[in-house]
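Written out below as structure tokens is the structure these notes cover.
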Amino acid sequence: MGALQGREVEAAVLVRSQTDNAPPQIMSKEPSGSTAQTGWRRSVTKPDVEALMERIALNRDARAFAELFELFAPRIKAFMIKGGADLASAEELSQETMVQVWRRAASFDPAKASASTWIFTIARNKRIDRLRRESRPGPDPVLYEADMPKPANPFESVDNAETEWTLRQRVATLSTEQIEVIEKAFYEDKSHAAIAEDLGLPLGTVKSRIRLALGRLRSMMNDEREMEAGK
Amino acid sequence: MIQHRPPEEMLVDYATGALPQPVAMAVATHAQLCAESQQDIQAMEAVGGAMLVDLEPVPVSEGALAKVLKQIGEAPATAEHGAAPDARVQADTDAVGSLHRDVLAVLEGKGESIHWKRKGPAVSSAALPCDVPGFDLRLLKIKAGKAVPQHTHDGMEITLCLSGGYSDGDAHYARGDFQVADPSLDHRPVADDDGDCIVLAVVEKRIRLTSRTGRLINPFVRL
């Protein structure tokens with residue numbers, strides 16, 4: 001876990017072997033070249049985050065939680081700021097999200113999603129919650145985390161964290177225009193209509209940009225799955 | 001097998017958290033019944049997870065971790081207990097949400113237990129909490145073989161079939177099917193002959209009834 005301590009995380013980059021399916025290695029890499037220009041400033045290494053979640057979920061390990069906090073709280077704060085929260089609210093929402101991560105850790109299912117995806121959904125719901133509290137009082141919670149039946153899920157056969165890692169690299173290969181709409185959608189929780197208004201583009205253009213971007217990511221994920229399945 | 005799924009952009013907006021609550025509720029309920037949509041949502045959420053990790057961190061305040069640890073009632077020093085997940089896990093449900101009990105009742109085949117209000121000879125209705133102005137969210141029960149009076153909408157209407165089935169024009173909708181009707185559609189859902197049909201309906205703005213009887217009995221929604 002040493003590699004996860006504080007600033008050391010900064011340049012840790014997970015490199016997947018291209019020639020065989022050897023386990024991923026953690027390698028040091030200067031944040032330059034393609035890494036820097038695509039905004040991959042720091043990398044949270046994948047196996048460690050999953051391991052932290054496991055220790056939190058199974059052992060209620062507060063040390064593991066502290067490490068997870070160090071990695072995610074500042075990113076959740078950034079996420080909230082992107083979504084329009086002021087610094088104080090972003091700080092608060094980040095803390096609330098992490099409390100929720102601790103409390104709900106037992107419901108984390110690595111077969112369903114990677115740890116960071118799961119944390120994203122909690123942060124997203126916190127953001128929705130707060131918006132609702134502010135703009136429209138009402139007793140009923142939004143239903144984003146309804147328990148769902150277990151579908152035949154292609155993710156279950158693969159390592160979700162691995163897929164997510166690849167996904168992060170692949171987002172960088174999208175065009176600037178595609179990244180722009182995807183960021184607005186995910187960071188600023190803007191609807192298609194709101195993004196269109198923001199960018200002064202026809203709704204159809206935004207739809208097709210998002211569709212193309214997600215389509216590309218998805219086909220890349222499918223390739224990944226096939227690779228996994230074929231090994 | 002679900003034939004009619006929400007448009008992709010609606011699933012994206014759901015995953016990013018951009019849908020209004022009643023629409024999100026319809027999508028969430030549909031996803032409970034549709035593995036394919038559920039998978040799509042999970043794939044889009046994975047994009048969100050990847051993007052979260054890649055955000056430039058904004059430092060949290062100095063005492064933030066201590067505060068959070070205090071709140072969860074654990075200090076690092078007492079970490080070695082190895083206690084099983086405790087009751088707090090279940091108790092903390094603020095942002096969790098669950099399907100509305102009436103929706104659950106319908107999905108479990110106990111639709112009769114709901115407090116229905118008769119809205120006409122063919123249709124009963126049960127309103128669901130909806131705190132977004134301009135939207136109406138409700139369950140509708142259409143009697144076997146009967147039709148909802150023909151109507152158009154000023155805004156979007158979503159109909160999610162929960163139990164039984166109905167036809168609208170050339171299309172048939174069964175449990176889990178999701179129909180989005182835009183304002184231009186003048187439609188007339190007819191319940192299957194073999195049993196009552198219960199749907200979750202999300203209506204944006206006001207509905208205009210276009211048939212004569214519809215105008216008279218105003219059975220569908222009262223906004």
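We did not get these values from a lab; they are worked out from the coordinates using the rules stated. Computed from a predicted model, the values in this text were never measured in an experiment. Cβ atoms come from the backbone with ideal geometry, glycine included; neighbour counts cover every protein chain shown.
Once you average over the residues of A:52-65, how many Cβ atoms of partner chains fall within 10 Å of each Cβ?
If you average over the peptide's residues, the count of other-chain Cβ atoms is 4.
Taking amide H positions as placed in the peptide plane 1.01 Å from N, state which residues far from B:L162 in sequence (5 or more) or on other chains have amide H under 5 Å from it.
Amide H to amide H, under 5 Å and 5 or more residues apart or across chains, B:L162 pairs with B:G176, B:I198, B:V199, B:L200.
List B:H115, B:H151, B:H172 from most exposed to least, where exposure is judged by having the fewest other Cβ atoms within 10 Å.
B:H115, B:H172, B:H151
Within 14 Å, Cβ to Cβ, of B:K110, how many net charges do the neighbouring residues add up to if Lys/Arg are +1 and Asp/Glu are -1?
-2
Where does the charge balance sit around B:F178 when Lys and Arg score +1, Asp and Glu -1, over other residues with C-beta under 13 Å from its C-beta?
-4
Taking each residue of A:90-101 in turn, how many C-beta atoms of other protein chains fall within 10 Å of its C-beta, and what is the average?
4
Need one number: nm distance between label points at B:Q71 and A:T205, each 7 Å from Cα along Cα→Cβ, rounded to one decimal.
For B:Q71 paired with A:T205, the spin-label model returns 4.2 nm.
Given A:K82/A:K207; A:K112/B:K117; A:K77/A:K207; A:K112/A:K190, which pairs have Cα atoms separated by over 30 Å?
Table pairs above 30 Å Cα-Cα are A:K112/B:K117.
With r defined as the distance between the Cβ atoms of A:D86 and A:E197 and R0 fixed at 25 Å, what FRET efficiency is calculated, to the nearest 0.05?
0.65
Per residue of B:164-173, count partner chain C-beta atoms within 10 Å of its C-beta, then hand back the mean as an integer.
0
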